[in-house]
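The values are calculated or read from the model by the stated rules, or taken from the named source; none is laboratory data. Keep in mind the model is a prediction, meaning the values are calculated, not measured. Don't worry about glycine lacking a Cβ; one is built from the backbone with ideal geometry, like all the others, and counts go over all protein chains shown.
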């Protein structure tokens, strides 16, 4: 089928291919495109609420306005000022920034906590604006469509993407495809173009690349790679390339850095994962905000904003916890109303003093029959669905552990857990230069010294001049 499809594509008359060429608004180059500007905008608009629902918005409205204002002013100076530009700060601890087609730009609080100036922020935003103005996602999508691979395959491989369907799923699928080095270099160049039009010092973008390189090196030593690397090639050596470009250009008037005012906006920002949204400790999963706890059963925990997944060691089964509307009975009826789902006899029971409804089910999917058991529990004014699920043949062997996980759901009463708070950034105003070791000793942090050095963009053997510097405070 694939060979046939390719033959059909290459049999398209040359005049049709020629009519698909367009001028890149940022570079002036003519290039092949199967995606119109209207389609770009529609993809971004449909995907935006999905991104927000999955990752959440950072709740500080002042920070949201601050980032949005810089982004909008910069986008207005780009070659595509009339796009519906949207800039959002996501409440996510990972070091990440990304763009969707049509002008939808996202940065995480995780990357904000690692930046050192407003100019660095402008460099990040300018880089992502560059991906949009140069139509990198649209061009990549066109190439994928031409070869009959890419997003279609990405949708098959990703349940998260496939579940949304349509243009939104295609936009989300783009997040799983790395930009090539040529696109990244071009986005760096465009980022410099846009940030310097607003007077920001372009050398600050080089500092961002150095920080990202150090973050990736730290992750390669056993930690988690920054999410930036899922959509951007390794930033190593890009810092020097940016400095070379700056040296070759005329940017003498671009000197704005705004370090102190930027850092003050980060004071008290959560750092790292927020335990109030759920965390695993030993074999117990706690959720302070929703005041429940449950056993992990020794299964791997994947805590997302929309669901908590407890995944069996072999990956062949899971217990998925979600919040549902209405009573337990109504939530069960809602589940049973889905096409291809057969739900067994409902049984009312009490789970650790909480009213609940349990029922087995089977679901017909393209991959075969799935089987499992539903437990709907009422707690704290909410209804929780705990869905144990596996392949039809696997369910009998995993059912005892899945039921034990479901049945462990209970009210959280531990006051220490209920009071648990995230680590936070705390600014220290130095009145004299200190070595890094002196700073760490006089102003201790609850994270490893290598992290303190990273978020301050200094070396552990270096020194910190007078001014504002970050540390991380909170419970160990």
Going through the range 93-112 one residue at a time, which ones are over 15 Å from residue 208 (Cβ atoms), within 9 Å of the chain's Cα centre (by Cα) and in contact (Cβ under 8 Å) with a residue 60 or more places away in the chain?
93, 94
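Conditions (1) without any contact (Cβ under 8 Å) to a residue 24 or more places away in the chain; (2) in a strand (DSSP E or B); (3) out of contact with any strand residue (DSSP E or B) (no Cβ under 9 Å at 6 or more places or on another chain), marked per residue:
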residue	(1), (2), (3)
276	no, no, no
285	no, yes, no
294	no, yes, no
297	no, no, no
302	yes, yes, no
305	no, no, yes
310	no, yes, no
314	yes, no, yes
Reported set for the range 68-84 where residues are without any contact (Cβ under 8 Å) to a residue 24 or more places away in the chain and closer than 20 Å to residue 50 by Cα is 68
Of all residues in the range 180-233 being loosely packed, with under 15 Cβ neighbours inside 10 Å and not in a loop (DSSP other than H, G, I, E, B), the one that is modelled with the lowest pLDDT:
230
Checking residue 420 against (1) free of Cβ contacts under 8 Å to residues at least 60 places away in the same chain; (2) surrounded by 14 or more Cβ atoms within 10 Å (Cβ to Cβ); (3) under 23 Å from residue 269 (Cα atoms), the condition it does not meet:
(1)
Boolean, residue 463 is in the same structural domain as residue 359 (by TED's automatic domain parsing) and more than 28 Å from the chain's Cα centre (by Cα):
no
Any hit, the range 317-325, residues being part of a loop (DSSP other than H, G, I, E, B) and out of contact with any strand residue (DSSP E or B) (no Cβ under 8 Å at 6 or more places or on another chain):
no
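Being touching a strand residue (DSSP E or B) at 6+ places or on another chain (Cβ under 9 Å), in a strand (DSSP E or B) and either surrounded by fewer than 15 Cβ atoms within 10 Å (Cβ to Cβ) or not assigned by TED's automatic domain parsing to the domain that holds residue 293 (or both) narrows it down to one residue among 345, 364; which is it?
Values: 345 fails: in a strand (DSSP E or B).
On inspection, the qualifying residue turns out to be 364.
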Among the residues of the range 431-470, write down those that are assigned to a strand (DSSP E or B) and closer than 29 Å to residue 94 by Cβ.
464, 467, 468, 469, 470
